[in-house]
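The values are calculated or read from the model by the stated rules, or taken from the named source; none is laboratory data. Keep in mind the model is a prediction, meaning the values are calculated, not measured. No Cβ is skipped: glycine too gets one built from the backbone with ideal geometry, and neighbour counts run over all protein chains shown. Note: areas computed on protein heavy atoms with side chains; ligands, DNA, RNA excluded. Shrake-Rupley method; radii C 1.70, N 1.55, O 1.52, S 1.80 Å.
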Amino acid sequence: MYATNYHRASSVQDAVRMRSAADESKYLAGGMTLIATMKQRLAAPSDLVDLRHIPSLRGISVDGTSVRIGAATTHYDVASSTELKAACPAICDLAHGIGDPHVRHMGTIGGSVANNDPAADYPAALLALDAVIVTNTREIKAGDFFTGLFETALQDAEMIVAVTFDAPAKAAYAKFRNPASRYAMTGVFVARRDNGDVRVSVTGAGADGVFRHPGMEAALSANWSPDSLAGVSVDPSDLMSDIHASAEYRANLVKVMAKRAVAAA
Amino acid sequence: MGVEGIGASVARKEDKRFLTGKGRYTDDMSVPGMKYAFFVRSPHAHAKIKSIDMAAAKDMPGVIGILEGKQLQADAIGNIICGWMIHSKDGSPMKMGAWRPLANDTVRYVGDAVAIVVADSLGEARDAAEAVVVDYDVLPAVTQAVKALEAGQPQLHPEAANNLIFDWQLGDAAAADKAIAEAAHVTEMKIHNNRLAPNPMEPRATLGIYDSAEDHYTCYTTSQNPHVARLVMSAFYNVAPENKLRVIAPDVGGGFGSKIYIYPEEIVCLWASKKTGVPVKWTCDRTEAFLTDAHGRDHFSTVKMAFDKDNRITGLKVDTIANLGAYMSLFSSAVPTYLYATLLSGQYAIPAIHANVRTVYTNTVPVDAYRGAGRPEATYLLERTMETAARELGVSPAELRRKNFVRTFPYQTPVIMNYDAGDYEASLEAAMAAADWNGFAARKAEAAGRGMKRGIGMSCYIEACGIAPSAAVGSLGAGVGLWESAEVRVNAVGTIEVMTGSHSHGQGHETTFAQLIADRFGIPIDNVNIVHGDTDKVQMGMGTYGSRSGAVGMSAVVKALDKVEAKAKKIAAHLMEADESDIVIENGELKVAGTDKTLPWFQVALAAYTAHNLPPGMEPGLKEGAFYDPSNFTFPAGCYICEVEVDPETGTTEIVQFVAADDFGNIINPMIVEGQVHGGIAQGIGQALLENVHYDPQNGQLITASYMDYAMPRADDLPSFKLSHQNTPCPSNPLGIKGCGEAGAIGSPPALMNAITDAIGNNNLTMPATPQKVWSALNAVN
Ligand SMILES: Cc1cc2nc3c(=O)[nH]c(=O)nc-3n(C[C@H](O)[C@H](O)[C@H](O)COP(=O)(O)OP(=O)(O)OC[C@H]3O[C@@H](n4cnc5c(N)ncnc54)[C@H](O)[C@@H]3O)c2cc1C
């Protein structure tokens, strides 16, 4: 790791000010991605602004179906929140399946979303839940937020403060783990609203990162059952190929995981 | 056996320090003035070094020195060598290309060391290393052995035309061909044994200390065999003469073979310590370990197995191409030859066998012994072929094996090995009973009802341990003898130190070796210290690999104990005025049989050192040494059965049952043996299901250079194992031990692959059987 300056922020304003004061600075949340990247010398921020000690960034509030998760809330806190489990158990299950206990106790939803790793789990949930990413300056719909591999709509020094969404009637996440990293080799989040609207989003598989699958959404809107996906085709040409899984195999996984998610929801 | 004697499951003495974080590993070593090294490594798989510009780097903060290959050469530090000479079938010696500890004109794999930076801190060394500007002329690279042999491929070493190191054979080609020509049935297969990275928990590290006052070097290092390291560094690398070089391998956190070899870093840090005047420590990080630790396996083979009309094997013909990487590592030539082809008879009476082995240079890190070393490759090839033959012949896999088992001993195979003892049928039966083989059809039907494809597979392995009779390996090309030494030092108060040339890097020697003494003299193992891993403390030894510590290392201890016992009895007889032959040792006392005369052990020891009243002419003291040279290999064998369920939608394999029935000969500590088998099976399952080293075939970059891409087995990938033993004592060593360190890794991959291919009904599947490959194979037959 290259030498870096550490700053501990106590409020959102404080953090944004510190971050803006240095050109090559970065926010630090759980550090599960950023510190590892710095140790490999693939990132070299001059300054780190630690967000973990800002009280307003942590915690989960649930009001009926309306959910707000602070950006610095850890995966463990999401996985184990009884309030959240009552409103939207699928996102608790998803958080419980991220990494290992060490990672879940350090890593945060804000860090994961800001990083937008194409194999990360949360982006699938936020897209399917039609969530809003609340930043220090604005609110961004998930559909506008995830813009590509490791790319988001965040501006320089813009900070995620929270994630909000309206809990759906039914939802579930089915994840097929990469045998090595155990990130999602394909993860599918399905959500169904009382009005019959269905969203299906896929992570770990898309060549451009997380995406929705209109074909499956239409099929499931018409008939919410795993069987209704049988006739839907998933086009491998939009999917990733790597040493672990070809696009064709991922296309199969997208369907199988979607089926399993619907069955579990 | 006594609570701490031979056969007792004594808890491991060393675990207290390991489990409380108090183990002392090389990286824990710290000496005054010590500085840190970082290696500049090649980012290219194949390139000419045009120039190295250190000017900017030398001025960086904290930098003490930067050294390159030309300086190393000017100081006459030698090439790294392969210590086992193999001759091609045309009689020519193997073609060993030069391996410079620091490359000085050509780099041949990603990670090849080019320069060393020594600085006040690791961070500063790394910063400066980044500022060293190496100008490379990038050359085309080849990473696959089969391809490297083809015409027009990049050439690695001028000595080795077409990258061929040797073209070797064993056995009788004409006899094997005749058997195949006359066979009622021939089973043919192409077999790939995938390339693995060793991944010991402790990465390699070394601390080189040059003492200018004494003109003496000390090398702390992560080694499985510190004496061999000293020998090689003195005799071949010209680092220092043996009497000026002390090598210490303190606690070592796993080796699996990868810490047998002497690597560039050890040599360079010692040399750099002299050049810079400071002790130099280097510790590898995990990606550096993937890049630079010797890998294992990587064989491509074709096999033909001939059967007569009664399904008896009449002949076997094997053609293997083995990837040895960019340079020949210490034992690399022995692994695909004498540790492989000599095991191709398996547990079977096969009248004619012929193996042809070509070894090849490629632009990858060197390949050498990895847990099992050659025997897993032989076992995988044979047992996949046996299973396939059974399917083709329409007979049960157990019947086909039974029909062909070797049943009388000693049995001389056509490929050098002489099996001394075994009962293959016993292990087969025990495994089938434990696995409820006969109930499989019902389980398969039940699984099918859940939409799952269930399969079962077995493997009957044999391997060779107790490496090895010195004269025999010498005649086969080994540069060293493979005996072991021991010294038993009884202190004046009766506590004991045992010096052994074996080295423990996880095996539990501090416990099991002490059990021998507890068994012999009836003293608690807490009164026994096992000393190993330091060339200043132990005179000479050959180290630990090839499951040799029990069969060879312990046998040396037994010989030394015999001498100590004889002398102690003489002293006791003299003191108790009895006949030497009437003295017995029981519960820590020397007694005159049939009388109530006794002397506690410590009094006899004290008498030896006070020397006030010793038998006439006897030297004072109680300390004896011995060297033990085995007269044969040992032959652990067994039967493994694996049962799986494949999810046809995703291709995921779940291991629902794993049975291991082993013959390890006599067992010193059953708990430790179980641990060895568990670890071995975990590695075997890792190879069959998960692990694979992947180099980009275009540019030679290592894609699987971290755990993000290299799939190590985790606890939840593994089932509980059902173990049992059917032991036939080994006749060739005094304890009847065969060895158990590698069996798990040898026997398990074919059992698992036989089970998966049985489940999916497609035999065309290579390791690792990833979900994607299994899914594709399933689709290919549906
Ligand atoms: C072993 C391991 C296994 C893992 N497995 C999984 C897995 O299965 N699934 C999965 O989804 N993830 C996995 N991860 C990633 C993990 O979820 C990380 O926690 C997450 O990706 C990053 O979150 P963090 O809080 O650690 O962020 P950090 O590493 O601190 O930051 C990541 C990036 O986000 C930026 N950032 C952080 N917070 C904010 C904010 N509030 N506003 C704006 N920018 C911000 C940082 O500047 C940085 O660029 C794994 C990680 C590890 C180490």
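Being away from every other protein chain (no Cβ under 14 Å), in contact with a helix residue (DSSP H, G or I) (Cβ under 7 Å, 6 or more places away or on another chain), farther than 18 Å from A:Ala90 by Cα and open to solvent by 30 Å² or more (accessible area, probe 1.4 Å) is true of A:Ala207.
Looking only at region B:589-642, which residues are of a type in the set (S, T, N, Q) and over 39 Å from the mean Cα position of the chain (by Cα)? Selection gives B:Thr595, B:Thr598, B:Gln603, B:Thr610, B:Asn613.
Taking the residues in region B:762-781 that are touching a residue at least 60 places away in the same chain (Cβ under 8 Å) and open to solvent by 10 Å² or more (accessible area, probe 1.4 Å) as candidates, determine which candidate is nearest to the other protein chains (Cβ to nearest Cβ). That would be B:Gln772. Taken over region B:312-330, the criterion of being under 25 Å from B:Ile467 (Cα atoms) and surrounded by 24 or more Cβ atoms within 10 Å (Cβ to Cβ) is satisfied by B:Val318, B:Thr320, B:Ala322, B:Asn323, B:Leu324, B:Gly325, B:Tyr327, B:Met328, B:Ser329, B:Leu330. Would you check if there is a residue in region A:99-114 being farther than 13 Å from A:Thr152 by Cβ, assigned to a loop (DSSP other than H, G, I, E, B) and more than 9 Å from the ligand (Cβ to nearest atom)? No, every residue in region A:99-114 fails to be farther than 13 Å from A:Thr152 by Cβ, assigned to a loop (DSSP other than H, G, I, E, B) and more than 9 Å from the ligand (Cβ to nearest atom). The residue that is nearest to the other protein chains (Cβ to nearest Cβ), counting only those in region A:115-157 that are at positive phi and within 11 Å of the ligand (Cβ to nearest atom), is A:Phe150. Any residue that is surrounded by fewer than 24 Cβ atoms within 10 Å (Cβ to Cβ), in contact with a strand residue (DSSP E or B) (Cβ under 8 Å, 6 or more places away or on another chain) and closer than 19 Å to B:Cys465 by Cα - is there at least one of those in region B:332-343? Looking through region B:332-343, at least one residue is surrounded by fewer than 24 Cβ atoms within 10 Å (Cβ to Cβ), in contact with a strand residue (DSSP E or B) (Cβ under 8 Å, 6 or more places away or on another chain) and closer than 19 Å to B:Cys465 by Cα.
Residues in region B:737-751 include none that are open to solvent by 40 Å² or more (accessible area, probe 1.4 Å), assigned by TED's automatic domain parsing to the domain that holds B:Tyr380 and away from the ligand (no atom under 16 Å from the Cβ). In summary, no strands (runs of 3 or more DSSP E) completely within region B:576-669 bear 3 or more residues that are free of Cβ contacts under 8 Å to residues at least 12 places away in the same chain, touching a Gly at 6+ places or on another chain (Cβ under 9 Å) and surrounded by fewer than 24 Cβ atoms within 10 Å (Cβ to Cβ).
Annotation: of all residues in region A:30-79 being open to solvent by 50 Å² or more (accessible area, probe 1.4 Å) and among the basic types (Lys, Arg), the one that is nearest to the ligand (Cβ to nearest atom) is A:Arg52. Within region B:386-434, the set of residues being closer than 17 Å to B:Val186 by Cβ and part of a loop (DSSP other than H, G, I, E, B) comprises B:Gly394, B:Val395. The number of residues in region B:206-230 being free of Cβ contacts under 8 Å to residues at least 40 places away in the same chain and touching a strand residue (DSSP E or B) at 6+ places or on another chain (Cβ under 6 Å) comes to 2. With respect to B:Ile672, is the statement that it is of a type outside the set (D, E, K, R), within 14 Å of another protein chain (Cβ to nearest Cβ) and part of a helix (DSSP H, G or I) true? In short, no. The residues of region A:221-261 that are open to solvent by 70 Å² or more (accessible area, probe 1.4 Å), away from chain B (no Cβ under 14 Å), more than 22 Å from A:Asp194 (Cβ to Cβ) and not charged (D, E, K, R), listed by number, are A:Gly231, A:Ser233, A:Ser237. Scanning region A:187-244 for residues that are within 30 Å of B:Met767 (Cα to Cα), part of a helix (DSSP H, G or I) and of a type in the set (A, V, I, L, M, F, W, C) returns no hits. Summed over region B:392-450, the residues that are open to solvent by 60 Å² or more (accessible area, probe 1.4 Å) and over 30 Å from B:Cys730 (Cβ atoms) give a count of 12. For A:Arg212, the conditions (1) without any contact (Cβ under 8 Å) to a residue 60 or more places away in the chain; (2) surrounded by fewer than 24 Cβ atoms within 10 Å (Cβ to Cβ); (3) of a type outside the set (Gly, Ala, Ser); (4) away from chain B (no Cβ under 14 Å) are fulfilled apart from (1). Checking A:Gly143 against (1) in a helix (DSSP H, G or I); (2) open to solvent by 40 Å² or more (accessible area, probe 1.4 Å); (3) closer than 21 Å to B:Asp647 by Cβ, which test does it fail? Going through the list (1) in a helix (DSSP H, G or I); (2) open to solvent by 40 Å² or more (accessible area, probe 1.4 Å); (3) closer than 21 Å to B:Asp647 by Cβ, A:Gly143 breaks only (3). Has region A:185-202 got at least one residue that is away from chain B (no Cβ under 14 Å) and over 21 Å from A:Pro89 (Cβ atoms)? Scanning region A:185-202, I find no residue that is away from chain B (no Cβ under 14 Å) and over 21 Å from A:Pro89 (Cβ atoms), so the answer is no.
Any residue at all in region B:298-308 that is in contact (Cβ under 8 Å) with a residue 40 or more places away in the chain and assigned to a loop (DSSP other than H, G, I, E, B)?
Within region B:298-308, the subset in contact (Cβ under 8 Å) with a residue 40 or more places away in the chain is B:298-308.
Of the ones still in play, those that are also assigned to a loop (DSSP other than H, G, I, E, B) are B:308.
Yes, region B:298-308 contains a residue that is in contact (Cβ under 8 Å) with a residue 40 or more places away in the chain and assigned to a loop (DSSP other than H, G, I, E, B).
Do the conditions hold for A:Ala218, that is, is it away from chain B (no Cβ under 14 Å), small (Gly, Ala, Ser) and without any contact (Cβ under 8 Å) to a residue 24 or more places away in the chain? So A:Ala218 fits the description; yes.
Restricting region A:8-29 to residues that are of a type in the set (A, V, I, L, M, F, W, C) and closer than 10 Å to A:Asp47 by Cα, the residue that is nearest to the ligand (Cβ to nearest atom) is A:Leu28. One residue stands out among those in region B:113-153 that are open to solvent by less than 20 Å² (accessible area, probe 1.4 Å), more than 14 Å from chain A (Cβ to nearest Cβ) and part of a loop (DSSP other than H, G, I, E, B): the one that is nearest to B:His694 (Cα to Cα), which is B:Val142. Once region A:18-29 is narrowed to residues that are loosely packed, with under 15 Cβ neighbours inside 10 Å and over 26 Å from the mean Cα position of the chain (by Cα), the residue that is farthest from the other protein chains (Cβ to nearest Cβ) is A:Ala21. When region B:691-712 is limited to residues that are more than 7 Å from chain A (Cβ to nearest Cβ) and open to solvent by 60 Å² or more (accessible area, probe 1.4 Å), the one that is nearest to A:Tyr183 (Cα to Cα) turns out to be B:Gln701.
Tallying residues that are near the ligand (Cβ under 9 Å from one of its atoms), part of a loop (DSSP other than H, G, I, E, B), more than 14 Å from chain B (Cβ to nearest Cβ) and open to solvent by 10 Å² or more (accessible area, probe 1.4 Å) within region A:158-180 yields 1.
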